[in-house]
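> The structure is given below, and queries will be raised subsequently.
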Amino acid sequence: MKNRALRGTALTVISLGGANLLRLISNLILTRLLFPEAFGIMALVQVVISGLQMFSDIGINTSIIQNKRGDDPDFLNTAWTMQIGRGVILWLVVCLLAGPVATFYDEPMLAALLPVAGLTAVVSGFNTTNAASANRKLMIGRLTAIDLSTQATGILITILLVFWLDSVWALVFGNLTTGLIRVGLYHRLLPGIRNRLHWDPEAFRQIIRFGSFIFLSTVAGFLINNGDRAILGNYISMGELGVYSIGFFLGTLPVLLARAIANKVILPLYRMKSPTESIANRDKIHRARRLLVAGALGLCMVLAFIGIPLVDFLYDPRYALAGPIIVLFALTKVPEIVFAAYDGVLLAHGDSRRFFYLLITIAVIQSALALFGVIWFGIPGAIVAPGLAALITYPLKAAFVQRYNAWDPKADMLFLILGLAVSGIACWLQWPAISALFA
């Protein structure tokens, strides 16, 4: 089990690191070929699409990982059938909302972009359930290889489309093509059943029963993960939003790493070796979580000191403000990183109800902080809101996970103080650059 967990962690780091390295290379090329406004428009497109995907998420993949029938072909094929139906419905909703969204953001181009971009939901609906099955068993090596090769191919196609189209349409068609390639490779290369349309009423009821609170949780998850850009899009220009998106991409890498490992490794470990079963299990899970937090915090601290020179080296002067955005993110993401992986305790034990209560509380507090923060302080208000929300809701999270003997308060406080102190020093040393964000 230890070897599988370590291998899964290493592969997740390779997957996320490789994916973001490819994304960085893509950004470096595309920012020189396109204008900042294109990235701002695409950021809004992705906010709308991912928001609707989260609003319609009924926890199909999590159900496969968590449910005792997760290896049953009838259960898997029913999940696949539900997934396809969800993708089609989601695309129809995107088409209906395209016009109103374009009016709300005063960006007519969104009315044409969104229906085409929404086709990615239909495409991803055909992804095989073998991907979730591999995650369930901590067998993610082939998944990593497929994802990285798909992304590399998609980036190459997107760059060629930019030379041909010279507009934001290249980014939309590039995303759609990447999704098609991933679906094909998943079905062709992943071991497991060959999915077919099937309907098992009992499997449907089990997924819906577990997924009802997952559905509500993902509504809250949208506000947590995309609320800043959704709010900022109505207060700053598309060019400024494009610069913010670059800073967001680099500044949130540590927390993305922590979440990826938590979902792909720590969550299955909580299911296989529940801390409620023995003190030995609890201690082993604590060690695994501490290693995760330490690694992500280390990356966060590095970005706190090199964020500004990194952007100056990689990007042209139009994106200079992305540097202080990265530094400020390095400070505010510390609480999220420290408390990472606790959510997996609830999901691994099928407690989607408390998982929802936790996420909706975070979402309400974070959204309120972000809205008033943007009005009063501009971009820094959006950056600081998630960190403050994580601190405010920590007592509730601790109370929930302690029900499953999984709370680790001493390590939490030690990591929190260390992370805030080091990242705070970096912000203090580079305050003149950060203060420019308040303008």
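Read the figures in this text as sums done on the coordinates, not as results from a lab. What you see is a predicted model; the values in this text were computed from it and never measured. Reconstructed Cβ throughout: ideal geometry from the backbone, glycine too, with neighbour counts over all protein chains shown.
> Let me have the 222 nm mean residue ellipticity of the chain computed from DSSP H runs of 4+ only, each contributing -39500 (n - 2.57), with the sum over all residues rounded to the nearest 500.
-26500 deg cm²/dmol
> Another question, then. Among the listed pairs Lys264/Lys284; Lys264/Lys410; Lys68/Lys397; Lys284/Lys410; Lys273/Lys333, give every one whose C-alpha distance is greater than 20 Å.
Correct reply: Lys264/Lys410; Lys68/Lys397; Lys273/Lys333.
> Would you mind estimating how fast the range 60-205 diffuses translationally, via Stokes-Einstein at 4 °C and 1.567 mPa s with the Kirkwood radius over Cα pairs, in µm²/s?
Values: Rh = 16.7 Å.
Rounded, D is 77 µm²/s.
> Kindly put Cys427, Cys95 in sequence by how many other C-beta atoms sit within 10 Å of each C-beta, fewest to most.
Cys95, Cys427
> Tell me the chymotrypsin sites (Phe, Trp or Tyr not before Pro) within the range 291-324 that lie in a loop according to DSSP and have at most 16 other beta-carbon atoms within 10 Å.
Filter output for the range 291-324: empty list.
> Name the residue from Leu303, Leu269, Thr252 whose Cα lies farthest towards the positive end of the charge dipole of the range 243-319, charges +1 on Cβ of Lys and Arg and -1 on Cβ of Asp and Glu.
About the Cα centre, the residue reaching furthest to the positive side is Leu269.
> Quick one: 3J(HN,Hα) in Hz for the range 327-342, Karplus 6.51/-1.76/1.60 with θ = phi - 60°, rounded, Gly and Pro as x.
The phi angles translate into 4, 5, 4, 4, 7, 6, 7, 4, x, 4, 5, 4, 8, 5, 6, 5 Hz.
> Over the chain, with a Gaussian network built from C-alpha contacts below 10 Å, which listed residue (Leu418, Leu253, Leu171) shows the highest mean-square fluctuation?
Leu418
> Now for a different question. What is the Cα convex hull volume of the range 220-344 when expressed per residue in Å³?
Output value, Cα hull per residue: 101 Å³.
> How much length is gained on full extension from Ala152 to Ile392, taking 0.36 nm per residue of separation minus their Cα-Cα distance?
Taking 0.36 nm per residue and subtracting the Cα distance, the gain is 82.4 nm.
> Okay, next question. Would you mind ranking Ile362, Ile266, Ile231 so that the residue whose beta carbon has the fewest other beta carbons within 10 Å leads the list?
On the way: Ile362 23, Ile266 26, Ile231 20.
Result, fewest neighbours first: Ile231, Ile362, Ile266.
> Could you give the radius of gyration (one decimal) and Dmax (whole number) of the Cα atoms in the range 376-439, in Å?
15.5, 47
> So what are the radius of gyration and Dmax for the Cα set of the chain, in Å?
21.1, 61
> Can I ask one more? Can you tell me which of 146-155, 113-122 comes out highest on packing, and rank the rest after it, using the mean Cβ neighbours within 10 Å?
Going by the mean number of other Cβ atoms within 10 Å, highest first, we get 113-122, 146-155.
> Would you work out the relative contact order for the chain, in percent, from Cα pairs under 8 angstrom that are 6 or more residues apart?
Relative CO of the chain lands at 21 percent.
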